[in-house]
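What follows is one structure encoded as structure tokens, with my remarks underneath.
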Amino acid sequence: MASLGQIIFCSMIILIVLFSALIILILSVSLTGSGFGGSTSSVVSSNKNPIANLGEDQLLSCYVNAGQNSIINQVSVTWEKKGLTGLVYKYADGADDLTDQNPQFKARTQVFPGSLVGGNGSLLLRAVRSSDEGEYTCSISSSEGKGTVNIQLRTAAFSAPTLKFSSGALVAEARSWFPKPNITWSDYDGHVLQGSTNFTQNSAGIFTVVSRLQSVNMSDTYTYRIENNLVTALSRATITGSEVSANTYFIYAANAASSLLSLTYLGIMTSVLCIYYLT
Ligand SMILES: *[C@@H]1O[C@H](CO)[C@@H](O)[C@H](O)[C@H]1NC(C)=O
């Protein structure tokens, strides 16, 4: 028989889970809500949580998701950023309107006129800086109605490492990482191997990461993982003679909404275990 304390504890957890589920539901509805009046189309983004690579260009996706064969015209687009005075970008009456553009975005924004007339208001942000991080709102008004979508932009620095074989060691060099990443070497079977890593930081705070894995075997395959809280680069390298053949792919961190989702999942699992324990 469970004690009163245990029952209260479990009831509290179940209540917390129910409330968080409710909050998530409300949040997801308000985040995807596009404020359309009776229209079948909406304004959407193919990536609401992009992670931009500092110094590179980043596309912020925003377009009217209309039914097939629908003709969209009279498109106007406004891009705003939370907490910013003025606008990021505006297009109305068939032309740019940059009178209210904030100087931070001067000469760094571009839309695609060919796509725009069809309701695609995606914005290319040039040479991304860390101050560009934040929440953007894209509003499109067209013959199909009006709608908005919010995009949360995060910035990081990341680059694929180059892998070389040098005096019996496998050496991986990656030029730009931020925030400071963690390094893991492992063998083909996933056993972690001990490498030695050197970080150097430039004046902008960006890290160059050089890591050596000693006494590697010819024709073996090794995995090199370089990751921070936003981006993971996973490289698989095979040593053939004095050559190293390697390929790298990037994994981007999940957004806040899906972390909330996994928290809810955790909460539900705890409740289930709690109930199981009580009965
Ligand atoms: C919108 O335009 C951008 C830039 O041309 C393009 O990369 C993107 O694929 C377009 N999106 C859609 C849904 O057509």
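The values are calculated or read from the model by the stated rules, or taken from the named source; none is laboratory data. Nothing here was measured: the structure is a model prediction, and the numbers come from that model. Here Cβ is always computed from backbone atoms with ideal geometry, including for glycine, and neighbour counts include all displayed protein chains.
Of note:
- Candidates Asn217, Asn182, filtered to the one that is outside the structural domain of Met12 (by TED's automatic domain parsing) and at pLDDT 95 or above: Asn182
- If the condition is being among the hydroxyl-bearing types (Ser, Thr, Tyr) and not in a strand (DSSP E or B), then region 139-189 contributes Ser143, Ser159, Ser167, Tyr188.
- Looking across region 59-93, the residues that are within 12 Å of the ligand (Cβ to nearest atom) and not in a loop (DSSP other than H, G, I, E, B) come down to Leu59, Leu60, Tyr63, Val64, Asn65, Val77.
- Filter result (more than 11 Å from Leu59 (Cα to Cα) and near the ligand (Cβ under 8 Å from one of its atoms)) within region 119-135: Asn120
- Residues in region 123-155 that are touching a helix residue (DSSP H, G or I) at 6+ places or on another chain (Cβ under 9 Å) and crowded, with 19+ Cβ neighbours inside 10 Å were compared, and the one that is nearest to Asn198 (Cα to Cα) is Thr155.
- Among residues of region 117-135 that are touching a residue at least 40 places away in the same chain (Cβ under 8 Å), those with a Cβ under 7 angstrom from a residue that is among the hydroxyl-bearing types (Ser, Thr, Tyr) and assigned to a loop (DSSP other than H, G, I, E, B), sequence gap 6+ or separate chain, pair up as Ser122/Ser61.
- Unique residue being of a type in the set (A, V, I, L, M), loosely packed, with under 14 Cβ neighbours inside 10 Å and touching a strand residue (DSSP E or B) at 6+ places or on another chain (Cβ under 9 Å) when the list is Val209, Val192, Val216: Val192
- Restricting attention to region 171-189, the residues being of a type in the set (Lys, Arg) and loosely packed, with under 14 Cβ neighbours inside 10 Å number 1.
- All conditions in (1) farther than 15 Å from Val64 by Cβ; (2) away from the ligand (no atom under 16 Å from the Cβ) hold for Thr148, with the sole exception of (1).
- Checking each residue in region 94-118 for being within 16 Å of the ligand (Cβ to nearest atom), crowded, with 18+ Cβ neighbours inside 10 Å and not in a loop (DSSP other than H, G, I, E, B) picks out Thr109, Leu116.
- Any chance Ala107 is more than 22 Å from the chain's Cα centre (by Cα) and at pLDDT below 95: no
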